[in-house]
Amino acid sequence: MAVRSGLAFVLLINTGVVTCHLEGEAPKKIAIIGAGIGGSSTAYFLRQKFGHNVGIDVYEKGTIGGRLATVTVNGQEYEIGGSVIHPLNLHMQEFVKQLGLKHRKGVPEKVAIFNGEHFVFEETDWYLQDLFKLWWRYGFGLLRLQMWVEEILEKFLRIYKYQAHGYAYSTVEEMMQSLGGERFINLTRRSMTETLQELGISQRFIDEIVTAVTRVNYGQSASIPAFVGAVAIAGVQAGLWAVEGGNKLVCSQMLESAKVNVIHTTVTSISLQQSGNKPLYQVKYESENEGGYDFYDIVIIATPLHHETTNITFNDFTPPFTPFPGHYQRIIVSVVHGYLNSSYFGFPDPKLFPFATILTVESAKLFMLSTGSICPVNITTNYRRKQPQEAAVWKVFSLKPLAKEELKTLFRSYYSVQVTDWLGYPQYQSGKGIPPIILHENLYYLNGIEWIASAMEMSAIAAKNMALLTFNRWNQHLDMIDQKDLVHKIKTEL
Ligand SMILES: Cc1cc2nc3c(=O)[nH]c(=O)nc-3n(C[C@H](O)[C@H](O)[C@H](O)COP(=O)(O)OP(=O)(O)OC[C@H]3O[C@@H](n4cnc5c(N)ncnc54)[C@H](O)[C@@H]3O)c2cc1C
């Protein structure tokens, strides 16, 4: 991942004070730190809100796209970070449309769930047969789970309407409260297991199906909070898509379209230079050969600020800084070009192995979270998935780097292995609450939203909120921030 280790000190000041500016007096310069999907979409939305006279600098120490990244195998690129997008991720849909990008064609696949000894679930060519098998083993668990996720999704979709009307939130909790009341807030605090048990879903279904999904999507068990659990389930629903050419194209093209100044360097510190009713922030940076600084009216941090994810320091803020609690989950992505050892999964004849994706349950016998045959980011119309006996490109998720012996267990032989060591997403049980959005009067933090769920669309929603919040606060449109009862208010406005 494009974040690096070191100590992070984070300010936790939410003064709640809104700076006084005259309407029309636009900010001169805005800095965004991080050019992942969060920082890039913030730049895009800020340009729409503040117009073309404000200078926007985007600092990036690694590669544009951040956790949206690819590796090349045999001249073809493959996603190694954020890969799939839900059909109802409306900001991502809109970006692709506005930027003239395309959806990548889906390639059918069969999924199975492995417990270290045998498959506990095997998908077939027959949908009704699969449903029957699921009902036989787990009762109505699947139906109840689907209905629960649909209900959450339906309420969550309100965010697009509220944002289209210009409403913003000063905290993630306010946003959740406005979308689904106390129940939504509770979904970020109670575990998925507990919540599903209350819905009458069996422990067996949770241990085998739900856990397989939370492991592949977040590298964690079903004891993660229910909201992020629902996002994980949505991440295996029908109709998932990706961007033709690679998801990271959305970031580079948004930055280009927003006409911002991208500065390839590492931000080392942010200092308060001038307080009073018009604060000014100094952003210091360092590259291999040179360092420098610049001054900004507004600064937006679009990268995780936790112990192991950043080195940025904050100076001259009162009160001083404490680090955000909680850790990021290490996820190893190994992209292996080779021949799967189907015998390990109980299929001595590789020709008869029908699965492209193998998910797993929790078991001491297992050293991986999932293994899947993956398609390149560019898919031609005559593209076909490799036959099971052919060499293919596989993506293996694990919590630790795979040892040679483990690779030999999974693959009969291989040509290449490329390993990416990510700090992928929050360790959902390690945090204590959700970090603030407003760190100081005009200093903001985007990535707190990851603590309710980390996904491309969540960053895009946070980015739109950021543009609306900074704009509304700058222009004193306080009636557009943290409004209650928007469902009814918007209905009467229309
Ligand atoms: C393996 C994996 C699989 C995933 N799968 C999916 C999926 O299928 N679907 C989905 O929706 N989401 C998925 N996600 C989650 C998704 O990728 C992230 O939620 C999203 O990309 C986060 O974007 P971001 O811009 O907030 O952060 P990042 O992408 O981390 O961007 C932060 C950027 O800031 C830069 N930066 C950091 N510090 C500094 C500094 N001091 N100075 C300058 N620049 C700095 C970094 O280099 C980085 O580019 C996955 C994540 C991982 C790791």
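The values are calculated or read from the model by the stated rules, or taken from the named source; none is laboratory data. Quick caveat, the model's predicted, so the values are computed rather than measured. Backbone-built Cβ (ideal geometry, glycine too); neighbour counts: all protein chains shown. Just so you know, the surface numbers come from the protein's heavy atoms only, side chains and all, with ligands and any DNA or RNA stripped out. Shrake-Rupley method; radii C 1.70, N 1.55, O 1.52, S 1.80 Å.
Count of the range 449-473 residues, restricted to those that are in contact with a Phe, Trp or Tyr (Cβ under 7 Å, 6 or more places away or on another chain), open to solvent by 10 Å² or more (accessible area, probe 1.4 Å) and within 15 Å of the ligand (Cβ to nearest atom), is 2. What number goes with the only condition from (1) assigned to a loop (DSSP other than H, G, I, E, B); (2) open to solvent by 30 Å² or more (accessible area, probe 1.4 Å) that residue 343 does not pass? So residue 343 meets the others, but not (1). Of these, 483, 476, which one is within 27 Å of the chain's Cα centre (by Cα), within 30 Å of residue 171 (Cβ to Cβ) and surrounded by fewer than 21 Cβ atoms within 10 Å (Cβ to Cβ)? It is 483. When residue 49 is tested against the conditions (1) part of a loop (DSSP other than H, G, I, E, B); (2) under 21 Å from residue 444 (Cα atoms); (3) more than 16 Å from the ligand (Cβ to nearest atom); (4) open to solvent by 50 Å² or more (accessible area, probe 1.4 Å), the lone failure is (1). Within the range 345-363, residues that are free of Cβ contacts under 8 Å to residues at least 60 places away in the same chain sit with their Cβ atoms under 9 Å from residues that are open to solvent by less than 30 Å² (accessible area, probe 1.4 Å) and not in a loop (DSSP other than H, G, I, E, B), at 6+ positions apart or across chains, in these pairs: 348/342; 349/342; 351/342; 352/342; 353/340; 353/342; 353/345.
When we screen 22, 12 for residues that are away from the ligand (no atom under 13 Å from the Cβ), within 24 Å of the chain's Cα centre (by Cα) and either at pLDDT below 95 or among the aliphatic types (A, V, I, L, M) (or both), the only hit is 12.
Between 301, 263, 312, the distinction of being within 10 Å of the ligand (Cβ to nearest atom) and open to solvent by 10 Å² or more (accessible area, probe 1.4 Å) belongs to 263 only. Condition check for residue 393 on (1) more than 16 Å from the ligand (Cβ to nearest atom); (2) buried (at least 22 other Cβ atoms within 10 Å of the Cβ): one failure, at (1). Where strands (runs of 3 or more DSSP E) fall wholly inside the range 396-493, no range has 3 or more residues that are at positive phi. For the range 52-70, taking the residues that are open to solvent by less than 20 Å² (accessible area, probe 1.4 Å) and away from the ligand (no atom under 12 Å from the Cβ), the one that is nearest to residue 421 (Cα to Cα) is identified as 56. Does residue 111 satisfy being of a type in the set (Val, Ile, Thr), open to solvent by 60 Å² or more (accessible area, probe 1.4 Å) and over 26 Å from residue 259 (Cα atoms)? Answer is no for this residue.
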